[in-house]
Every structure is written in structure tokens, then in C-alpha cells.
Amino acid sequence: MKVCVVGTGYVGLTTGVSLAFLGHEVTCVDLDQAKVDMLRAGKCPIYEPGMEDLLAEASPNLTFTTSYADAIPGSDVVFVAVQTPSAADGSPDLRYLRSAAESVAHSLDHDFTVVVNKSTVPIGSGNWVDAILRDSFATREDRPAGVEFAVASNPEFLREGNAIADTLFPDRIVIGSDNPRSLEVLNRLYRPIINQTFTAPTFLSRPEDTTAVPLVSTDLASAELIKYAANAFLALKISYANEIGQLASKVGADITEVARGMGLDQRIGSRFLQPGVGWGGSCFGKDTKALIATAAEYNLDMPIVTAARDVNQRQRAIAVEKLQNELRILKGRKIGLLGLAFKPNTDDLRDAPALDIANSLLSRGARVKLHDPIAGERFRKEQPELAPYLTGSLDELFADCDAVVLVTEWAQYLELDWSKFVGLMRNPLVLDGRHVLDGDRMRRLGYKYVAVAG
Ligand code: UDX
């Protein structure tokens, strides 16, 4: 099928490259010429393991352009995946989405095109995009006859750092539209994934239990709500583990054991019960906030989702409090943060717990040193005020340090030869922000080991 993807950010690029890999003819359009040039040269503008390999494998079916007029005509499906940054009041800024929808409408020429809204936007935005498309199309003097289009929702559940595997081997595919023909088109588009009939890319192996992928084919509003409800549930699962973790530390229980014991109950499941400094990233914070805002439009409050957000924020504050409890005085202390990205295997710094923790320590007069194996370059650009505290050297970070906080559980830190660094510290305190280090081992090596929760 012929597919166009508008926007080559995280979601757009993963969608475009994966669909091209599956054999669809894909054109990705982005107004940023530099990005398009990079992608044409086979280089990936985002950090995502495997993406350049998949780009190479998919290249015969993949084109990049800055022109809507080249990309849209003839498309069976147009994915709109442009950025929706938060406006000053916290609501998503839909300016780019509006102008993308207008541009799409100006080039539609096919007998039937499904326009899929992939940007993270509030529930109900499908209708809003539909209205923009119809208004813009109606104002076209050159509008061809016999052109039909409909809007659909096809939420993605991909995790950064795992984007390709999550796209090719998903737990489920959700498609929603109030137009049955759209559902049929998207069902066809995704058939290779639903039936798992493709040969896995050379760098990935198909998970053993993936035979067929369930399809949830539903109405527009339900598909839009599934995305938010699922993300908010994952967010609150983590916050629940963190809330229990605080109680565990009071009663002398080990939260890691408690979470393991809970997670083995299949009704609960073991994933997303990992306690620590809490969640960050582009989705959980934004999606929980948007869900609460949508509910408010209907005079509904969302006490559980609200509590999940509060607990998450509290975890970041607790990390600083624990340091204060141990060191008594933070002023003048040197504290090293290991890991800046909101999670490992990405250089994404959006809503990263490390940012709040670093700022809070600085505001209390502490001196900080910051390290990340991958996100440093991006950090320098996006966080100019914190950039002077960045170091590329672990020796420099540990030297004369009063405490080190493991904020992001990068493999590099888990595999670190911790025995080499203990002697460099003035006070060998390690605060484990992710509950991933072996506390007994750390103590044997001479560290004082403290975990954020439990
Ligand atoms: C998330 C959703 O998982 C994905 O389905 C959605 O489409 C986009 O948002 P992502 O933000 O990439 O994906 O990361 P994810 O792996 O879900 O982690 C989110 C945050 O939760 C990270 O900060 C991670 O460190 C934290 N986390 C995760 C925990 O604190 N504990 C856990 O047990 C799991």
C-alpha cells in the first residue's frame, strides 16, 4: 500500500521505517531540510538502537521529502505525527498539527485516504482534525472530484529504546474510526504484523510467544481513550510500587521482594512495579495531565490518576530528602548524578527525574556533577543552565564526592567496577534511585548503600 508519514520525530520515523520494512511504499515528509538530508544519507536523527539498520533494510521502499505535494497524492494512508509541545498553560500546542492537517488537505487526490492522527493529542482530537481537513479541502479551488477521506486513531505503545521491537512485535494493535472503510484499510496495512508473516529484521529476533497479534478495531473515541487509559495505568502501577516502597522502608520490608511477590500474581504482573525515582519521559507526565484535563471538561475529577502524579513527584523530592538525612547538610557537598536520560537506551531528557533532582540539590547549595553515557550532547543543548555541571569522566564525578545517586539504570553503571571508585569519594554514600544495585555487595565494597524507596 502507499503510505505517507508527516513528521519524522520519534513516532513518525519508527512508523514510516517499520511500514517500509514490511513492504509498503512509504514517503516521509518533514519540513526540516537538514533532517531530510540526514535520513536520505541513511543517518538517523534520533538515538534509537537498531533504527539505522532498519533504515538500511527498508531503504528500497522509503523516500524522504520536504514537499507535501510530492508525498500525499495517491496515499492510501497518511499518518500525521508532528510534535505537540506543551503550551505555557500545560495544554498541548496544536499549531503544528493544524498546519499539517491543512497541508494534507491541500494535496489529497486519492479516491479514499485514511488520515491517522499519531501525534499525542487530547481525546476528541480526531474530530478536530477531521473538521480541519474538511474545511481546508472545501476551500481548495483545485479540489478533485471523487476524493474521500476519513480520520482514524491508531495509538502507538512503543517505548523509546525499544521502538522497533514494540512496533513489529506489539502486544496488540488498536485502530479506531467511525468510518468502517478506514478500519478495513488499516486492517490491511497491518496484516503482516497481525499475522506475523514477515521475516524479522536481521538484528532482531521474534519473541517466541509472538504468533498472531490481537487487533482491537473500534470507534474513534474508544481508541483515543485506550491510549490514555493504558499509559495512565502503567504510570499509576509504578507510583503504587513507590507508595508501597515508602511504607516498606518504615516497617523494615524490602520493596524489591515485595514487588516480586506481588508481580508473580498473574493478575498483577511483574512489569512496571520497579520502584525508584519514578517515571519521566514524554508520555506518562503529559498523558496523565491530559486525561485529568479532559475529565475536567466533563466536570469529572480523576483522583487515582492525580494521586499517581503526586506520588511520582514526591519520589524525586524523597531522593533529595534521603541525601539530606544522610549528609545532614547539603550546602557545599559534592553530589554526583549517574544518568540524565529519563530511562536507559535513550537520550531523551523530557521530564527526566535527574533534572528535578539536580535543580533541587543546587537550590539547596550543593555542588553537583552530572554524567550520562549517551545523553550528554543533547543535555548540553537543551539544559544550558545545567550544562556546566556535566562531565564525561567518572573519575571526575567520583573524586571527593559526598554522595553518588544512580538516577538512570544504564547497563554501563550496573556493570561498573565500583571497587575502583570507592576510594575516590570523600564520603562513599550511594543512593540507588532505581533499586538495581546489590546493596550487600556495595556494602562489602565499602559503600554506604541507601535506596530511594524501601
Ligand atoms: C511509555 C509507554 O510504555 C509506551 O507504551 C507509550 O506509548 C509511551 O510511553 P516510554 O516513555 O518510552 O514509553 O518509557 P517506559 O519504558 O514506559 O518508561 C517510562 C518511565 O517509567 C521511565 O522513566 C522508567 O524509568 C519508569 N519506570 C518504568 C519505572 O520507574 N518503573 C518501572 O517499573 C517501569
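Computed values, structure above
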| item | result |
| --- | --- |
| Residues whose placed amide H lies under 5 Å from that of R367, excluding near-sequence neighbours | G332, R333, K334, I335 |
| In the range 1-49, trypsin sites (Lys or Arg not before Pro) in a DSSP loop with at most 13 other beta-carbon atoms within 10 Å | K43 |
| Within the range 2-218, percent of DSSP bridges classed antiparallel, to nearest 5 | 5 percent |
| Alpha carbon convex hull of the chain, volume per residue in cubic angstrom | 158 Å³ |
| Reachable lysines, given that their alpha-carbon falls under 24 Å from the alpha-carbon of K250 and they are not under 8 places away in the same chain | K237, K322, K448 |
| Virtual spin-label span in nm between N187 and R443, 7 Å along Cα→Cβ | 6.0 nm |
| Extreme residue, positive dipole direction of the chain, given options T288, F342, A223 (C-beta unit charges) | F342 |
| Amide H contacts under 5 Å for T218, placed H, 5+ residues apart | I175, G176, S177 |
| Long-range amide H partners of I123 with built H, under 5 Å | none |
| Anchor K2: aspartates and glutamates whose Cα lies under 19 Å away (excluding residues fewer than 8 positions away in-chain) | E25, D30, E57, D70, D76, D109, D111, E148, E184 |
| Dipole in debye (nearest 20) - the chain, about Cα centre, beta carbon charges: Lys, Arg +1; Asp, Glu -1 | 1580 debye |
| Cα gyration tensor shape for the range 399-454, rounded if a/c is under 1.5, else prolate or oblate | rounded |
| Two-site FRET efficiency, A293 against E385, from Cβ-Cβ distance with R₀ of 25 Å, rounded to 0.05 | 0.30 |
| Cα centroid separation - the range 432-454 against the range 213-256, whole Å | 26 Å |
| Among beta bridges that DSSP assigns inside the chain, antiparallel share in %, nearest 5 | 5 percent |
| Charge-dipole axis of the chain as Lys and Arg at +1 and Asp and Glu at -1 on Cβ define it, positive-most pick from I164, T65, T15 | I164 |
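Rule-based calculations on the coordinates, nothing more; no lab input. Computed from a predicted structure; not experimentally measured. For neighbour counting, all protein chains shown are included, and Cβ atoms are generated from backbone atoms with ideal geometry for every residue, glycine included.
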